[in-house]
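**Q** Sharing a structure with you now.
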Amino acid sequence: MTIDLRLDRLEAESAIRQLIARYCFTIDDRDLPGIETLFTQDARVASEDGMMDALGAQAIMDQYHGRFRVLGAGAHYMHDVALDFIDGDPDHATGRVSGHAELWRAGQMMVAGLRYRDRYRRTAAGWRFAERIIGFLYYVPVEQYPGILAHPDRNRAYDVPRPADYPEALPSWTGYAKAYPDG
């Protein structure tokens, strides 16, 4: 790998990490013009459970308006970021991001453990999300948080509890459970 390519990747990684951080601030601040600048015009924002799925800038903004109608104040915190660059294509990358959120939803305090599966694209305006898919380890009223990992129906953001998006649905998790049924 040439020094120029190495430098480009380091700069790209820094810019993508900044994009991820800006996402948290703009979502929490309800900065609508800022939110729109985070995505490519043909981007997709979806959830693993299928409750969200928007394609294109206007559909994404409409989806956020819908989310904001049921959410009060909140804070999103990103923790681990794993980026993968595509050899031979310096303008595209993928990533996985873990985090948690503290939210006011449906008249109550809720907490969520989450992961994003992302695709990033370099544009003339800088790095943007080309796809952002969210999955939940849990999404529960704060009083239900203690012991929540003992239950499979950890997504309690809706009227009817739903299974968590991970880890039980992951091939690595099911493969381990099959290979080691005792544990």
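**Q** For the range 27-90, count all C-alpha to C-alpha pairs, find those more than 14 Å apart, and express that count as a whole percent of the total. Let's see the in-between values first.
**A** Values: 1365 of 2016 pairs.
When every Cα pair of the range 27-90 is considered, 68 percent fall beyond 14 Å.
**Q** Can you give me the C-alpha center-to-center distance between the range 35-101 and the range 158-183, rounded to a whole angstrom?
**A** Cα centroid to Cα centroid, the span is 24 Å.
**Q** Cut-off is 10 Å between beta-carbons; in what order do Arg122, Arg22 appear when sorted fewest neighbours first?
**A** On the way: Arg122 19, Arg22 15.
Ordered by Cβ neighbours within 10 Å, fewest first: Arg22, Arg122.
**Q** Using square roots of five times the C-alpha gyration tensor eigenvalues, list the equivalent-ellipsoid semi-axes of the chain in whole Å, biggest first.
**A** Semi-axes from the Cα gyration tensor: 29, 23, 14 Å.
**Q** What are the chymotrypsin sites (Phe, Trp or Tyr not before Pro) within the range 82-183 that DSSP puts in a loop, where the Cβ has at most 14 other Cβ atoms within 10 Å?
**A** For chymotrypsin sites (Phe, Trp or Tyr not before Pro) across the range 82-183 that sit outside H, G, I, E and B with at most 14 neighbouring Cβ atoms in 10 Å, the list reads Tyr158.
**Q** Whole-Hz Karplus ³J(HN,Hα) for the range 127-133, in order, using 6.51 cos²θ - 1.76 cosθ + 1.60 and θ = phi - 60°, x for Gly and Pro?
**A** After applying 6.51 cos²θ - 1.76 cosθ + 1.60, I find 6, 9, 6, 9, 7, 9, 10 Hz.
**Q** Going by the alpha-carbon gyration tensor, a ≥ b ≥ c the square roots of its eigenvalues, is the range 52-118 rounded (a/c under 1.5) or, if a/c is not under 1.5, prolate (a/b greater than b/c) versus oblate?
**A** oblate
**Q** Let me ask another. How much of the DSSP beta bridge set in the chain is antiparallel, as a percent to the nearest 5?
**A** 90 percent
The numbers here are math on the coordinates, done by the rules we state, and not lab data. All values reported here derive from a predicted model rather than from experimental measurement. Cβ sites come from the backbone with ideal geometry, for glycine too, and all protein chains shown count toward neighbours.
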